[in-house]
1. So which of A:Ala110, A:Ala128, A:Ala124, A:Ala100 is within 21 Å of A:Thr169 (Cβ to Cβ) and within 10 Å of chain C (Cβ to nearest Cβ)?
2. Can you pull out every residue in the stretch C:45-63 that is open to solvent by less than 40 Å² (accessible area, probe 1.4 Å) and facing another protein chain (nearest Cβ under 9 Å)?
3. If we scan the stretch B:45-62, do we find a residue that is farther than 30 Å from B:Asn185 by Cα and either loosely packed, with under 15 Cβ neighbours inside 10 Å or in contact with a Phe, Trp or Tyr (Cβ under 7 Å, 6 or more places away or on another chain) (or both)?
4. Conditions first: (1) within 15 Å of the chain's Cα centre (by Cα); (2) over 26 Å from A:Gly70 (Cα atoms). C:Val101 passes all but one, so which condition is the exception?
5. Tally the residues that are facing another protein chain (nearest Cβ under 10 Å) and either surrounded by fewer than 13 Cβ atoms within 10 Å (Cβ to Cβ) or within 29 Å of B:Ala164 (Cα to Cα) (or both), restricting the search to the stretch B:88-102.
6. Given the residues A:Gly186, A:Gly145, which is the only one that is at positive phi, open to solvent by 20 Å² or more (accessible area, probe 1.4 Å) and within 12 Å of chain C (Cβ to nearest Cβ)?
7. All but one of (1) touching a residue at least 40 places away in the same chain (Cβ under 8 Å); (2) at the interface with chain A (Cβ under 7 Å from one of its Cβ atoms) hold for C:Ile36; state the number of the condition that does not hold.
8. Out of all the residues in the stretch A:63-100, which are open to solvent by less than 30 Å² (accessible area, probe 1.4 Å), assigned to a helix (DSSP H, G or I) and touching a residue at least 40 places away in the same chain (Cβ under 8 Å)?
Amino acid sequence: MSIAQEAARGYDPYIVGAGPRSKSGLPRFEHAERTLASKRVISAFGFWIFLLSDIIMFSAFFAAYAVLSGQTAGGPSGKDLFSITRVALETACLLLSSFACGVASIGARARNDAMYYGGMTATALLGAAFLFLEINEFSGLIAQGAGPTRSAFLSSFFALVGCHGLHVTLGLLWLLTMMAQVFAKGYRADIMRRVLCFALFWHTLDIIWVGIFTVVYLMGLAL
Amino acid sequence: MPLYVLGFMGMTRRMQHYDVPEWHPWLLLAAAGAAVILAGIGLQIAQLVVSFRHREQLRDTTGDPWNGRSLEWSTSSPPPAFNFAVLPRIEEGDAYWETKQRALRQHVLAEEPAYADIKLPRNSATGFVCAFFATFLGFALIWHIWWLAAVSFLGAFATFVAFAWRDRTEYRVSADEVARIDRENRSARRAALAQLGAAE
Amino acid sequence: MSDTEIGLHLHETDLAPGDEPADGREIGEGIRGYLIGLGLATLITVVAFFVSRTSLVWQPSIPIALMVLAIAQMGVHLVFFLHITTGAESFNNVLALAFGVLIVFLLIVGSLWIMTHLNHNMVSMEQIIQMQR
């Protein structure tokens, strides 16, 4: 069969025919189910995969804590050290900050300055409050001789909760950067992608905190 | 594997001599294996020498030196910055192989594709610079040099923000440029096809 | 069409993970989704805190109850905050999540299993001290 006959049959591996073009300028394929996904979808999916790898890293810290939570080396245990009120406050801060982040996401998509900046500011303040409470807790523990070097239990505690706190800190830096970017350049497509990725990151941190307050604090106090 | 078995039988490494007769057959087996490996190394060296000696005749310009079956062989080696000139339209399994079979039967390359502009991300030194700061940050954290830790962290963060502030993130390779680069590859493939045709 | 134009440029029915579904939705609807998520999460949290402190629940079941509540709350977060649905547009995201959960499960269960096994097989400290005497 000649090439012309094959082309007539519809076989066109190098898009010889002038087929219809999609909005992005790439040729569209009549028989193809779909074209290349948009940058927004690709970026978010890629970031989602990174977040899953981050969750796997956290689960390694969780596993270490689960194994070592009983090894108090004659020192204080969770029951002696944790304060339920502070944990409740920290949880409230993060949960509300997740909600505020949701408001900011809606605001960004609607290009509503009040919702975006208001939501992001609320997220930042609540996140900062969480960090303040956590740093307070850590310095208190260290002051009373229950620092990360006291026992395996405390080492794994500081590693797990400290890792989460570090993520929150970096998230706050990212948050401020995103507010600055929208302020400087408006709701540009690439900045919107970053806001979406930030929202994913922030919600994931709250999910990890759910795991932490359950396994570390509630189980520590109950058992 | 025979050495693994010997380990279970209690033999250690670095023995100058041994006096356990049970080990002997396994050690003979391991020696035979070592001889095979030596032959392999010899063949590797021979291959390197021969390849170098005949490099002019053996050189491949098409990017498909082993008559590959799948689509990664449809571009040149090394590939251009955009990897593939067009997104191929696939209607069957083994699309690249079928295209080549058709070309062999008809003694002519498939028709030239419709080239379009390609947008590629711009290069950036951000990764390299950030890594530089990260190295110092790691060093400072290990040795508790807090001022250096703070400075390196700020440096890394500033680099990152500078990268995020870019307005131009992509550059465009024009359709003509894509066509020019692809045509070079196509002429190499055409020459190879002609050679194959002449050989029949 | 440059990368830096204003807007989102979504042509597909694909949904980015975490993205608000559909452009045409009202802001009110969006807020409502987040409010429901917030409410449910708060409820589950309160129950979890209560379960850990109270003597009304059979003591040995407390860890399991807390785990179940934690998983439920993570589910609430995933659905209401991250918009992970069962629809076709979420398929890739759900698949990736399932894989992540599998790895996490293997990691945690595996670590606990191995360490308990090692601990069980390990000679106790008193015996070691005895042997050293």
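1. Criteria check complete, one pass: A:Ala100.
2. If the condition is that a residue be open to solvent by less than 40 Å² (accessible area, probe 1.4 Å) and facing another protein chain (nearest Cβ under 9 Å), then C:Thr45, C:Ala48, C:Phe49, C:Val51, C:Ser52, C:Ile62, C:Pro63 are the ones that fit.
3. yes
4. For C:Val101, the failing item is (2).
5. 1
6. Being at positive phi, open to solvent by 20 Å² or more (accessible area, probe 1.4 Å) and within 12 Å of chain C (Cβ to nearest Cβ) holds for just one of A:Gly186, A:Gly145, which is A:Gly186.
7. (2)
8. A:Tyr65, A:Gly78, A:Leu81, A:Val87, A:Glu90, A:Thr91, A:Cys93, A:Leu94, A:Leu95, A:Ser97, A:Ser98
The values are calculated or read from the model by the stated rules, or taken from the named source; none is laboratory data. As the structure is a prediction and not an experimental result, all values here were calculated from the model. Cβ sites come from the backbone with ideal geometry, for glycine too, and all protein chains shown count toward neighbours. All accessible areas refer to the heavy atoms of the entire protein, side chains included, with ligands and DNA or RNA removed. Shrake-Rupley method; radii C 1.70, N 1.55, O 1.52, S 1.80 Å.
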